[in-house]
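Below is one structure, written out as structure tokens; comments come after it.
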Amino acid sequence: MNEKQSVSTIISNATILTMDKCRSVIEKGAIAINKDTIVAIGKTESILQNFQTAELIDADDCIVIPGLINAHSHLPMTYFRGVADDLPLEKWLYSYIWPLEKQFITPGFVYDASLHGAAEMVKNGITLTKDMYFHGSEIAAALTKVGMRGMIGEAILDFKLVETGGLEHIGKYAVHMEKTHKNNPLINFTISPHAIYSCSTRTLERCVSMALDHDLLMQTHLSETEQEVLDCQKAHNSLPVHYLKDIGMLATKLVIAHGIWVSEEEMELLAEHDTSVAICTESNLKLAAGFAPLSNYFKHKVRCCFATDGVASNNNLDLLAELDFTAKLHKTINHDPTFLPAEQALGMATSEAAKALHRFDELGSLEVGKKADLVVLDCNSVEGQPLHNPYSQVVYALGGRAVHDVVINGEVVLRHKKLTQVDEQEIIAKAKEHAKLIQRELK
């Protein structure tokens, strides 16, 4: 009789949606994790015959999925939840958000708000977020504290260049922070120009150069409003995606956020250059900016993934709610109830998102050799039963409230709905302290 191999953690008795290439589903399945890596996946009986562990998570009546990937967020804006609702984008940004940021954005504020946002993401089953904001080192520290992955972008805007060292220093922060965190498995940095309307051509070209020279992912906001497109045509005699191509940005590992007002001709360019789009449905609709033209994106084979955007414009970090709402919205828009089925929607938040971030070799599906990022969803509830189709249950029925356990890089960071690395009550108390200061400023 073979001696059992000891491993760090075993998840057992689950319905496992692997999201691998074959979309394999394993009933009564188990996953063996050793340190940060999945070492075996299969039927529970077989896994328990061959492996043993001190950390056994019985996932009976549960669905296990890969960790959800949030393709665009602004973690420190968590403290601005609800301060400027029911406003058009321009007024929301220029009259409220940017003035508040000028008043409050300090390293301490960013750390506290990021800790809060990361905790909320983990409780919603998000294991990796691609974030853009300021004081990226503080965001990295907060994510690390919670035990969550982040691809962090220090937002680059022309009006902040003076305080950050000028044109020649663009991108150096990201390069430095990437080197600083080279031994932190949770953290990476990106080159992150804010948008074509807040960065000059010279600024964007410098960003492109740094991204290519150092092989860093690039992220930016693009075509979020119709006015942005009109302004680009006026300033550059070009549509936004064509403008990005002209300055070399499509040659980078690029993810654009929003991508609402994009022509089919532009979509062909995005597909040709393997540029991905992070769609932020709830945020975009709340600001009445519009919604991503998903059917045309799919037609042109442009990779799309899901994102929450920032809490100030969403106002939650429930990525599963984004899947549910987006799928239903676009079925109606396309007059086609078969459009964006649940399995495809879940893929956009897992495997497709990992491909968009150039991380599919290690993340996005549950397979031997990949990093152990996974979410256990509890179906033993009135909203979780009866269970006929697990994909349907995940996308249309459960939502973030069903997240029971979360494993990131092999560490159990949420156990029985409780955060294991941070004190949730302390996070709530800190948020209340900051809220008093913000309210005082708003009066």
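Bear in mind that the values in this text are calculations on the coordinates, not laboratory data. Predicted, not measured: the structure shown is a model, and the values here were computed from it. Ideal geometry is used to build each Cβ from the backbone, glycine not excepted, and the neighbour counts take in all protein chains shown.
Listed values, structure above:
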| item | result |
| --- | --- |
| Candidates per GluC sites (Glu not before Pro) in the range 344-384, loop by DSSP, up to 12 other Cβ within 10 Å | GLU383 |
| Sorted by Cβ density within 10 Å, fewest first, the residues TYR173, TYR94 | TYR94, TYR173 |
| Fraction of antiparallel bridges per DSSP, the chain only, in percent to nearest 5 | 40 |
| FRET efficiency estimate (nearest 0.05) - Cβ-Cβ, ALA235 to LYS43, R0 60 angstrom | 0.50 |
| Helical contribution to [θ] at 222 nm, DSSP H n ≥ 4, -39,500 (n - 2.57), averaged over the chain, rounded to 500 | -10000 deg cm²/dmol |
| Under 16 Å from LYS331, Cα to Cα: lysines that are on another chain or at least 8 residues apart | LYS299 |
| Extension gain from ASP361 to ASN296, taking 0.36 nm per residue of separation minus the Cα-Cα distance | 20.6 nm |
| 3J(HN,Hα) from dihedral phi, the range 53-66, Karplus parametrisation 6.51/-1.76/1.60, rounded to Hz, x for glycine, proline | 7, 8, 10, 9, 9, 7, 9, 4, 6, 10, 10, 10, 10, x |
| With Cα atoms, 0 to 90° folded angle of helix 201-214 axis to the chain main axis | 30 |
| The range 90-356 - convex hull of the alpha-carbon atoms, volume per residue in Å³ | 122 |
| Residues GLN439 and HIS176, FRET efficiency given R0 of 22 Å [Cβ-Cβ distance, rounded to 0.05] | 0.05 |
| Gain on full stretching of the segment that runs from ARG202 to LEU329 - 0.36 nm per residue minus C-alpha separation | 41.8 nm |
| Lys, Arg +1 and Asp, Glu -1 on Cβ, resulting dipole of the range 290-443 about Cα centre, debye, nearest 20 | 380 |
| Normalised contact order of the range 90-356, rounded percent, pairs of Cα under 8 Å and 6 or more residues apart | 12 |
| Projected-area average for the range 375-424 over all orientations - Cα convex hull basis, square nanometres | 3.9 |
| Rg and Dmax [Cα atoms of the range 323-443; Å; Rg one decimal, Dmax integer] | 18.4, 55 |
| Relative contact order [Cα under 8 Å, 6+ residues apart], the range 211-282, whole percent | 36 |
| Local electrostatic count, ASN315, Cβ distance below 12 Å [Lys/Arg +1, Asp/Glu -1] | -4 |
| Cα long-axis angle, helix 226-236 against the chain (0 to 90 degrees, to the nearest 10) | 50 |
| Set of lysines with alpha-carbon distance to LYS371 below 18 Å, sequence-local pairs under 8 removed | LYS21, LYS35, LYS130, LYS182, LYS355 |
| Vicinal HN-Hα couplings computed from phi for the range 327-334 (Karplus, 6.51 cos²θ - 1.76 cosθ + 1.60; Hz; Gly/Pro x) | 4, 5, 4, 7, 4, 5, 4, 8 |
| Links that overshoot a 29 Å alpha carbon limit, given the list LYS4/LYS418; LYS328/LYS432; LYS179/LYS253; LYS102/LYS253 | LYS4/LYS418; LYS328/LYS432; LYS102/LYS253 |
